[in-house]
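Participant: I have a structure here, written as structure tokens, and I will follow up with some questions on it.
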Amino acid sequence: MKTAAREETALDVDGLRMRYGTVDVLHDVTFQARQGEVLALLGPNGAGKTTTIEILEGFRTRSAGRVQVLGADPAQGDERWRARVGVVLQSWRDHGKWRVRELLAHLGGYYAAYSTAAVRRPWDPDELVAAVGLTEHAGKKIKTLSGGQRRRLDVAIGIVGRPELLFLDEPTTGFDPEARHEFHDLVHRLAADHATTILLTTHDLDEAGKLADRVLILAGGRIIADGSVAELARRIAGEDEVRWTRGGERFTASTADSTAFVRGLFGRYGEAIGELEVRRASLEDTYRALVRQSEDAAGVGR
């Protein structure tokens with residue numbers, strides 16, 4: 001049973017610490033992520049998000065703590081391990097004369113040697129171009145792409161090797177609403193159909209709420225919250241707010257179970273109830289409240 005549990009754990013971080021000189025940037029950061037889970041890492045600027053991600057990617061050496069990424073220490077990761085990991089940075093720099101499909105086919109060739117019985121690498125270039133919505137632009141030179149199209153290509157580059165773990169850093173910057181919606185569908189497919197574990201960093205809290213199975217909030221180098229959006233909202237809000245009108249008069253009530261409360265309202269007053277509204281704490285409400293609590297506890301600004 002223990003062996004199976006380890007195989008299902010894509011990320012296992014325990015007591016992670018990072019120090020630059022005499023300054024501690026990360027303090028005892030601990031969390032796990034299951035295979036196929038979408039995890040959003042949120043936090044204000046300077047919270048330690050980038051440092052955490054770079055350690056997990058194997059680009060930065062930690063000061064202390066235990067880190068296992070796909071069963072290996074990223075600080076010791078070899079080429080075979082790196083073939084299992086995908087990274088989408090905020091921007092890429094490629095030769096503008098490459099054509100979209102040509103570049104993806106070229107990059108994909110580096111992954112073929114790392115195919116396994118369980119995972120066929122890389123993606124077929126045409127399938128990949130279609131997955132990120134660039135079929136009509138497959139033959140275009142990169143330098144002719146719009147900002148949003150270029151960002152889709154960034155995502156394609158990150159997943160060309162069919163990664164088992166994907167790091168997404170502000171992935172939809174520059175996307176229009178339709179492209180954003182298509183990208184969200186792609187993330188859900190990667191997680192559901194390919195069991196890809198995804199660690200997402202974003203400043204778009206609405207996006208995090210739509211994509212993430214779990215949310216981690218990092219502030220002051222510490223994990224201050226870990227749970228689903230609903231769990232974190234309950235932790236802060238405690239109660240839902242229900243508003244309604246009856247007989248021309250407006251009413252407001254707080255309740256821990258809005259579904260039962262509304263059912264009781266209609267059971268008692270029936271069609272006399274109007275303009276019913278149930279407000280639950282959003283991820284943004286929760287995020288701001290938790291960060292504010294953390295800053296108050298740390299004496300920030302005093």
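Participant: Name every residue in segment 65-119 that is β-branched (Val, Ile, Thr) and exposed (fewer than 14 other Cβ atoms within 10 Å of the Cβ), in order of residue number.
Facilitator: Passing the criteria: only THR116.
Participant: Okay, moving on. Please verify whether segment 94-107 includes one or more residues that are closer than 30 Å to ASP226 by Cβ and touching a Phe, Trp or Tyr at 6+ places or on another chain (Cβ under 9 Å).
Facilitator: no
Participant: Shifting gears a bit: Pull up segment 136-150, narrow it to residues that are surrounded by 14 or more Cβ atoms within 10 Å (Cβ to Cβ) and assigned to a helix (DSSP H, G or I), then point me to the one that is modelled with the lowest pLDDT.
Facilitator: Of everything passing the filter in segment 136-150, GLY148 is modelled with the lowest pLDDT.
Participant: Still on this model: Regarding GLY209, is this residue out of contact with any Pro (no Cβ under 9 Å at 6 or more places or on another chain), farther than 27 Å from ARG150 by Cβ and not charged (D, E, K, R)?
Facilitator: So GLY209 fails the test.
Participant: Something else now. Condition first: of a type outside the set (Ser, Thr, Tyr) and out of contact with any Ser or Thr (no Cβ under 9 Å at 6 or more places or on another chain). Can you find one or more residues in segment 163-174 that meet it?
Facilitator: Among the residues of segment 163-174, not one is of a type outside the set (Ser, Thr, Tyr) and out of contact with any Ser or Thr (no Cβ under 9 Å at 6 or more places or on another chain), which makes the answer no.
Participant: Cβ contacts < 9 Å: first residue under 17 Å from HIS95 (Cβ atoms) and assigned by TED's automatic domain parsing to the domain that holds GLY96, restricted to segment 135-146; second residue of a type in the set (A, V, I, L, M) and outside any helix (DSSP H, G or I), any location; separation 6+ or different chain. Result?
Facilitator: If the second residue must be of a type in the set (A, V, I, L, M) and outside any helix (DSSP H, G or I), the pairs left are HIS137/LEU145; LYS140/LEU134; LEU145/LEU134.
Participant: Further question: Please go through segment 189-205 and give me each residue that is part of a helix (DSSP H, G or I) and either of a type in the set (Lys, Arg) or in contact with a Ser or Thr (Cβ under 8 Å, 6 or more places away or on another chain) (or both), ordered by number.
Facilitator: ARG189, LEU190, ALA191, LEU205 - these are the residues of segment 189-205 that are part of a helix (DSSP H, G or I) and either of a type in the set (Lys, Arg) or in contact with a Ser or Thr (Cβ under 8 Å, 6 or more places away or on another chain) (or both).
Participant: Does segment 229-262 hold any residues that are within 26 Å of GLY46 (Cβ to Cβ) and at pLDDT 90 or above, and which are they?
Facilitator: Selection gives nothing.
Participant: Could you tell me which residue of segment 120-134 is farthest from GLU178 (Cα to Cα), considering only residues that are surrounded by 13 or more Cβ atoms within 10 Å (Cβ to Cβ) and in contact (Cβ under 8 Å) with a residue 40 or more places away in the chain?
Facilitator: Selected residue: ARG121.
The values are calculated or read from the model by the stated rules, or taken from the named source; none is laboratory data. Computed from a prediction, not measured in an experiment: that's the story for all the values here. Counting neighbours? That spans all protein chains shown, and the Cβs are built from the backbone with ideal geometry, glycine included.
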